């Protein structure tokens, strides 16, 4: 079915702003952003950083970990929901009513009431993410940043370095894995849940990206607070979207463009990553993960030829700030650090001796899902301090997470997309040429140009609609200024675009938030503010050689521009004043 003109326009305009809701409704956008970041010269310049000297000779996992540290050193995780302003539930539901049922949106998106499984009710997920401060119909935009916008956070007070939310970081990682770590795109899968976005890298036993960090299969099962945080999304949420170089699959759409075999391989590899046999080390990691159970266990060991006992929670506490662990070959060195006053000569009353449970697990190959093995385990967990059935349930979850992926049996794998055919041996110019040649035959490639913001490569309409309809921060930030003060404030901004290149433009709230912009960007910023005050006025921006002229009713505002756009006139569309949560 051929999409209508309005649907195509809405998708293209959404590729410019890239809000959480837009990415959910138009799944091609997330990979479009990956490709926009691949086209960007920013990440290609990372290759010249001394940090990556000799990287090409390293094995894939080593290359990935070097990249991880670079991202850790240069970017913060940012979940400031006020950065990109506010909208309303009614406004967004009306905008997307032709694309998705409101009930489906509410069940799949945190901004529309999604709470997830029991875990999220228990921790009050809206409070956890700061959504509880938005009452009634007001909700924040949850926007995804390009690498340029991520870099520009260094200009905001309190940052000093780049920043981005989880989708921004996952798409940055995907592009950088390809460009810098030379990981083929075929081995990189992007996953989105209602509250998180991360990548699965099909290298060795698999690697997950989790915001700025990486999680290996061993780390997934090590029971540390960092792994517990990484496990949260896949343990408690369904995966709504999987994106790959071959296409996408989305939980609410019947048609899937991802290659069927690639999706099957991804599912199998992810399930392997999320499962482990039960052994003595895993039992210890399980106790590390569930701190509330540690009070029911003690550890026995010899010191000076005499048996001693220590509370399990005390022993795990010694791991903090130490490189030694209870559950691996460094245990003896950790035990050496235990202070004498923590040791008891007699067993602690009311506690299971962990060594006995560990010895049982070491004597046989245990399958937590086998009824006979589970019964034997239950006997060892049977104690007044524990509910053995509950412990076994939690142990099964720890050892095996079944990812709730979009069901392939319920999908129609359409195929037909012209393949991207982008290889790690290609240079940036060749990749850009390839994407240009297939942009009409590959939807993700097509969306990448709108996310890339080069108005020499796209029509201006989608960019301008996004500019005056979904950039409320500059409108609210200037609401107490008169027209002259607004004009002077915009003119005084440094003449510096956050986007490289002669045709790439920032959106108004990027110019406002980061306090800088080219003249063409300033003209559109001022148009956004004035459109909220002059909703019926005829308004245009005329692009001339070296100048951008905003005509708003009887007013004319000229700005110098170094962007090399062809002479043209942009009609500024209707816009909406941003909602005021304090009104």
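Evaluation of residue 241 against the conditions (1) under 30 Å from residue 170 (Cβ atoms); (2) buried (at least 22 other Cβ atoms within 10 Å of the Cβ); (3) touching a helix residue (DSSP H, G or I) at 6+ places or on another chain (Cβ under 6 Å) shows that the sole unmet condition is (3). With the condition kept exactly as written, say whether any residue in region 536-548 is in a helix (DSSP H, G or I) and farther than 19 Å from residue 141 by Cβ. Within region 536-548, none of the residues are in a helix (DSSP H, G or I) and farther than 19 Å from residue 141 by Cβ. When region 276-305 is examined, which residues are found to be assigned to a helix (DSSP H, G or I), in contact (Cβ under 8 Å) with a residue 60 or more places away in the chain and within 30 Å of the chain's Cα centre (by Cα)? Of everything in region 276-305, those that are assigned to a helix (DSSP H, G or I), in contact (Cβ under 8 Å) with a residue 60 or more places away in the chain and within 30 Å of the chain's Cα centre (by Cα) turn out to be 282, 285, 286, 287, 288, 289. With respect to (1) within 30 Å of residue 194 (Cα to Cα); (2) free of Cβ contacts under 8 Å to residues at least 24 places away in the same chain; (3) outside the structural domain of residue 255 (by TED's automatic domain parsing); (4) touching a helix residue (DSSP H, G or I) at 6+ places or on another chain (Cβ under 7 Å), the lone exception for residue 388 is condition (1). Only residues that are touching a helix residue (DSSP H, G or I) at 6+ places or on another chain (Cβ under 6 Å) and modelled with pLDDT under 95: list them for region 301-310, please. Within region 301-310, 301 is the sole residue that qualifies. Residue check: is residue 350 outside any strand (DSSP E or B) and surrounded by 11 or more Cβ atoms within 10 Å (Cβ to Cβ)? Taking the combined requirement at face value, the residue satisfies it.
Going residue by residue through region 26-47, is there one that turns out to be crowded, with 18+ Cβ neighbours inside 10 Å, touching a strand residue (DSSP E or B) at 6+ places or on another chain (Cβ under 6 Å) and closer than 20 Å to residue 81 by Cα? For region 26-47, residues crowded, with 18+ Cβ neighbours inside 10 Å, touching a strand residue (DSSP E or B) at 6+ places or on another chain (Cβ under 6 Å) and closer than 20 Å to residue 81 by Cα: present.
Taking the criterion of being touching a helix residue (DSSP H, G or I) at 6+ places or on another chain (Cβ under 6 Å) and not in a helix (DSSP H, G or I), the residues of region 360-375 that qualify are 366, 367, 368.
Can you name every residue in region 403-428 that is within 20 Å of residue 271 (Cβ to Cβ) and surrounded by fewer than 12 Cβ atoms within 10 Å (Cβ to Cβ)? Once the filter is applied, which keeps residues that are within 20 Å of residue 271 (Cβ to Cβ) and surrounded by fewer than 12 Cβ atoms within 10 Å (Cβ to Cβ), region 403-428 yields 407, 409, 410. Taken together, 315, 357 contain a single residue that is outside any strand (DSSP E or B), assigned by TED's automatic domain parsing to the domain that holds residue 386, free of Cβ contacts under 8 Å to residues at least 60 places away in the same chain and surrounded by 12 or more Cβ atoms within 10 Å (Cβ to Cβ), which is 315. Tell me, yes or no, whether region 496-519 has at least one residue that is touching a strand residue (DSSP E or B) at 6+ places or on another chain (Cβ under 6 Å), surrounded by 23 or more Cβ atoms within 10 Å (Cβ to Cβ) and free of Cβ contacts under 8 Å to residues at least 40 places away in the same chain. No; the residues of region 496-519 include none that is touching a strand residue (DSSP E or B) at 6+ places or on another chain (Cβ under 6 Å), surrounded by 23 or more Cβ atoms within 10 Å (Cβ to Cβ) and free of Cβ contacts under 8 Å to residues at least 40 places away in the same chain. Considering the conditions (1) farther than 23 Å from residue 468 by Cβ; (2) at pLDDT 75 or above, residue 118 is excluded by exactly one of them, (2). As a summary of the residue check, residue 460 satisfies the conditions (1) over 30 Å from residue 529 (Cβ atoms); (2) surrounded by fewer than 20 Cβ atoms within 10 Å (Cβ to Cβ) except for the one numbered (1).
In summary, helices (runs of 4 or more DSSP H) completely within region 159-275 and bearing 3 or more residues that are under 14 Å from residue 406 (Cβ atoms) and under 20 Å from the mean Cα position of the chain (by Cα) occur at 260-273.
Going residue by residue through region 437-455, is there one that turns out to be assigned to a helix (DSSP H, G or I), free of Cβ contacts under 8 Å to residues at least 12 places away in the same chain and either under 26 Å from the mean Cα position of the chain (by Cα) or outside the structural domain of residue 540 (by TED's automatic domain parsing) (or both)? Yes, that holds for at least one residue.
Summed over region 520-559, residues that are in contact (Cβ under 8 Å) with a residue 60 or more places away in the chain and over 37 Å from the mean Cα position of the chain (by Cα) total 2. Can you say whether residue 100 is on the phi < 0 side of the Ramachandran plot, outside any loop (DSSP other than H, G, I, E, B) and crowded, with 17+ Cβ neighbours inside 10 Å, as far as the supplied structure shows? No. Just to be sure before I move on: is residue 498 in contact with a helix residue (DSSP H, G or I) (Cβ under 8 Å, 6 or more places away or on another chain), part of a strand (DSSP E or B), closer than 27 Å to residue 448 by Cα and at pLDDT 95 or above in the structure I sent? Taking the combined requirement at face value, the residue does not satisfy it.
Being surrounded by fewer than 22 Cβ atoms within 10 Å (Cβ to Cβ), touching a residue at least 12 places away in the same chain (Cβ under 8 Å) and either closer than 20 Å to residue 45 by Cα or in contact with a strand residue (DSSP E or B) (Cβ under 7 Å, 6 or more places away or on another chain) (or both), is that true of even one residue in region 166-173? Outline the logic, then answer.
First pass over region 166-173, keeping only residues surrounded by fewer than 22 Cβ atoms within 10 Å (Cβ to Cβ): none.
No, region 166-173 contains no residue that is surrounded by fewer than 22 Cβ atoms within 10 Å (Cβ to Cβ), touching a residue at least 12 places away in the same chain (Cβ under 8 Å) and either closer than 20 Å to residue 45 by Cα or in contact with a strand residue (DSSP E or B) (Cβ under 7 Å, 6 or more places away or on another chain) (or both).
The values are calculated or read from the model by the stated rules, or taken from the named source; none is laboratory data. No experiment lies behind these values; they were computed from the predicted model shown. Because the Cβ atoms are built from the backbone with ideal geometry, glycine has one as well, and the counts that use them run over all protein chains shown.
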